[in-house]
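Comments concern the structure below.
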Protein chains: 2
Amino acid sequence: MKGIHTGDKITVYARPLARLIEQLQRLPGIGPKTAQRLALHVIKRSGDEVQDLAQALINAKKQVGLCRECFHLSADPICEICSNPKRDIKTLCIVADSRDVIALEKTREYKGKYHVLGGVMSPIDGVGAEQLNIEALVRRVSQQQPQEVIVAISPSMEGETTTLYLGQLLKPFTKVTRIAFGLPVGGDLEYADEVTLVKALEGRQEFDSI
Amino acid sequence: MKGIHTGDKITVYARPLARLIEQLQRLPGIGPKTAQRLALHVIKRSGDEVQDLAQALINAKKQVGLCRECFHLSADPICEICSNPKRDIKTLCIVADSRDVIALEKTREYKGKYHVLGGVMSPIDGVGAEQLNIEALVRRVSQQQPQEVIVAISPSMEGETTTLYLGQLLKPFTKVTRIAFGLPVGGDLEYADEVTLVKALEGRQEFDSI
């Protein structure tokens, strides 16, 4: 049989299964093998469980939008963080994406409010200040007059540009700070990349201030 | 703020998003990080795309069952392989799972038919011959009288038991063979595990027969 191809298309999967695998492969980080494994798992689950998963997908898409105040993902017009009276309105943290809000919230340390830009400035991709939620940010800062604005944007080239731009833009209104970059806690100095080491050296602090 | 916990449950995700993440985490190999990434991706997709994915899940579960003849996954009562007149009915390949049929079909080399056992014998888990599609297999072999039955089951302890059991069971009806085990093609002898090397030695062939 070796080397002989009849030219027939070999149908490996039943059609509804093939369609599901194709759909799953469109998700980020899901390759053909993972998509097949997930699809075969789905078929073995009960009808109710599959219905629940399908409904959760539809509901998440339908019900989750952006908070009118801070642009974080929210099921309500104003998100739970913005409408929580216990949050400190004197501190405002600017992040690029809703994912960053989630990461910071998980630390349970930050009690202020957020502003989600919806990306970082990237002239090559045609993303300037107008494409980000910066106009709303300036309005918010001038109206709410926070005592401190913390810029928490990853230090990529685009991130740095955005951070410096925001610093210049908001300095007239309030104190603007940025989060520290350096050696990760538990990280080994030997294995840190050079840029991180430079940042760690630049951000060194006197013993008195610790 | 360090160490102070107000006791409030921190709501990191909007509720429909949390529910979707919870649902996605029930899938095999999907941890909290991946579930979050997938969920945030879904929200950014168009409503139609999400609807398509949800529908594909429901359809795959509803429409795909087992072939009455070979127990492979199928959208029809008889699967495409069993109903294909071009397939060689003189060869029958026994596999543990539908996944194995898919793997063998992808080689495009095997043109015979299949029989899916639905697992391997495992007394510890209460899986004996009665829990597998073995009665139907014997009926099929005695009726259809294939010229060769190939047992293609992975050589785990349970797989070996099942293979030997099937060999004894089917020998009275026809010629029974099993697939070869040995060094994977492209594999380095130095890095092969000992069991594989033993199998490779045991399965050695004379130059004449190659």
Item to check | Residue that is farthest from residue A:40 (Cα to Cα), among those in the stretch B:64-78 that are at the interface with chain A (Cβ under 7 Å from one of its Cβ atoms) and buried (at least 21 other Cβ atoms within 10 Å of the Cβ) | outcome: B:74
Next on the checklist: Which count do you get for residues in the stretch B:36-48 that are more than 7 Å from chain A (Cβ to nearest Cβ) and either open to solvent by 80 Å² or more (accessible area, probe 1.4 Å) or modelled with pLDDT of 95 or more (or both)?
Outcome noted: 2
Item to check | Enumeration of residues in the stretch B:160-196 that are surrounded by 14 or more Cβ atoms within 10 Å (Cβ to Cβ) and without any contact (Cβ under 8 Å) to a residue 24 or more places away in the chain | outcome: B:160, B:163, B:167, B:182, B:183, B:192, B:196
Item to check | Selected residue (only one of B:86, B:61, B:33 is touching a helix residue (DSSP H, G or I) at 6+ places or on another chain (Cβ under 9 Å), open to solvent by 10 Å² or more (accessible area, probe 1.4 Å) and without any contact (Cβ under 8 Å) to a residue 40 or more places away in the chain) | outcome: B:61
Next on the checklist: Return the residues of the stretch B:89-125 that are open to solvent by 40 Å² or more (accessible area, probe 1.4 Å), facing chain A (nearest Cβ under 10 Å) and not aliphatic (A, V, I, L, M); say none if nothing qualifies.
Outcome noted: B:99, B:106, B:107, B:108, B:109, B:111
Checklist entry - Looking at the stretch B:199-209, is at least one residue assigned by TED's automatic domain parsing to the domain that holds residue B:116 and touching a residue at least 24 places away in the same chain (Cβ under 8 Å)? => result yes
Checklist entry - Out of (1) more than 9 Å from chain A (Cβ to nearest Cβ); (2) modelled with pLDDT under 95; (3) open to solvent by 30 Å² or more (accessible area, probe 1.4 Å), what's the single condition that is false for residue B:128? => result (3)
Checklist outcome for this item: Within the stretch B:135-159, the residues that are within 14 Å of residue B:122 (Cα to Cα), open to solvent by less than 40 Å² (accessible area, probe 1.4 Å) and without any contact (Cβ under 8 Å) to a residue 60 or more places away in the chain are B:153
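The values are calculated or read from the model by the stated rules, or taken from the named source; none is laboratory data. None of these values were measured; they are calculated from a predicted model. As a convention, Cβ positions derive from the backbone with ideal geometry for all residues, glycine included, and neighbour counts pool all protein chains shown. In case anyone asks, the SASA skips ligands and DNA or RNA and just uses the protein heavy atoms, side chains included. Shrake-Rupley method; radii C 1.70, N 1.55, O 1.52, S 1.80 Å.
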